[in-house]
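Read through the structure below, which is laid out as C-alpha cells, and then see the notes.
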Amino acid sequence: MVKVNYDLLPVKTHYFFFMAAMGPILPFLPVIGKQLGVSEVVMGLIMSVIPILFLFAKPIFGFILDYFQSHRKTVFLTLVVSTTVFSALLWLVPEYKLVPVQQQVACGSILNCTDQVALVDGIDCWVTLSGEKTAALRLAADNTSYCAESTVVCQLGSMVHVSCQKRGLGFYSSTTFWMFVVLLSAASIGYNVSNSVSDAICFDVLGAGNEKKYGQQRVWGTVGFGLSALVGGYCVDWWSGPSQVKDYTPAYFMAVVFTSIDLLCCTKLKLPVLPRSQNILKDVLKLVQTPSIATFLLFAAFIGICESFIIFFLFWYLEDLAVTTGAMGHIKLLQGLTVAAETLVGEIVFFPLSGRILRWVGYRHCLSLCFLAYTLRLGLLSVIHNPWWALAVELLQEQVKYDRCVWQAGS
C-alpha cells in the first residue's frame, strides 16, 4: 500500500494545477504574437528584454515576501492569480486591420507562385480565380512566395488577381502590438516569479537534508503542464475549425478553471517563515565570489541561451514547416503533442530519479551532458522537413532536463 505524505500533498497539488493553468497558454505565446502580425525579429527583441525584467522582478517580489512575513500567502496567491489574469487578457487583444492591396499577374497553365509574385515580410496574399479564393500565398524564408494550400490551374494567357493585405510599419505603433507586449511581459514575469516562489516553498516544506526529494514533488507540475498543453492544443484546433487563424478561447478557459482549483489547494499550503537577510546584496556578492557557485551560474547562463531557442522559436519553426507541408489544420495538436513528448515522456521519468542520478553522475557531469543533449537536439531540429518529426527529436528533452534537476539541487 502506498503511503501518502499529507504534509507534501498541498505542494504536489499546487504544482499540478498551477502548471496545468500555464500549459495551454505559456508555450503558445510566441505564435500568438505571430498570428497577430509580430515578425520573428521583433519577437526576438521582445524576448531578449523580458529576461532582463526578471532580474528586477524576482528580487523585488522576494523582498516583498520577506518584508510581509505574516502575509506571504496572500502575496503569493495574488501573484498566481495575476499571472493567469494577464495571460487570459490576451483574448481581448484586438486584431489589427490590414490594408488591402491588389495586383494582377500573368497566368501560365499552372501558376507558379514563387516565379509570379514577389512578396515582402508583413504581407499575406492569396489568388482569386473566377471570383473565388483558391490558394493562399505565404512568405518563404528566402522572401519569395509560394502556394500554401495548392497550385492554381487557370487558362493559359489569362490574368488572375492576387489580393494582398499589408500590415506595414503602423502595426508596431498600434494598440494591438503594445497590448500584446504588455500582457506578454506581465504574464511571463508572473509565471517565472511564481515558479521561483513555488520552488522555494517546496524546499522549505521538504526541510534541510531532503532537497533531493524535490523532483518527486515537481514532477506533478510536469504532469499537469503536459496534459493541459496536449488537451488545450487539440481543443484550439477543434474550436478553430478549418481556419488557419486559431482561436485560443479554450486555452484561456482552461487556465481560469485550473487556477481557481489551484487557489483552493493553496489554502492548505503551509508557507514556513524564512529568516530575513539584513543585507541581501552583500550576501549575494559573497556567494558569487565562491568559485563553485560562480562556475555554476556561468553554466546555467549558457544553458539558458540554448533553451531560449526552444522556448521562443520551436513552435514558430513548426508552423513554418506546417505551412509548406499542409499541416496547419492540426498544428496546435502537434504543438501540444510536442510539449507532451517533452514532459510526459522525458521529465516524468527523470524528475523522480533526479536525486539518484545526481548522486551517481554528479552535478558537474550532468551539466556537461546537458550541452551534448542540446547539440543533438538543435542539430536534428534543423534538418527535419516535416513538423511531425519534431516529436521524435523532442524526446531528447529527457536528457536536457538534467539541467533543471541540477539547478534546483545545486542551489
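The values are calculated or read from the model by the stated rules, or taken from the named source; none is laboratory data. Values in this document were obtained by computation on a predicted structure and should not be read as measured data. Heads up, the Cβs are rebuilt from the backbone with ideal geometry, glycines too, and the neighbour counts pull from every protein chain shown. Accessible surface is based on the protein model in full, side chains and every heavy atom, while ligands, DNA and RNA are left aside. Shrake-Rupley method; radii C 1.70, N 1.55, O 1.52, S 1.80 Å.
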Quick one: would you say F56 is aromatic (F, W, Y), free of Cβ contacts under 8 Å to residues at least 24 places away in the same chain and closer than 27 Å to V182 by Cα? yes
Residue under evaluation D247, criteria (1) farther than 13 Å from M19 by Cβ; (2) in a helix (DSSP H, G or I), criterion not met: (2)
In the list F302, F258, which residue meets the criterion of being part of a helix (DSSP H, G or I), hydrophobic (A, V, I, L, M, F, W, C), at pLDDT 80 or above and open to solvent by 70 Å² or more (accessible area, probe 1.4 Å)? F302
Being in a helix (DSSP H, G or I) and surrounded by fewer than 16 Cβ atoms within 10 Å (Cβ to Cβ) is the requirement here; does T375 meet it? yes
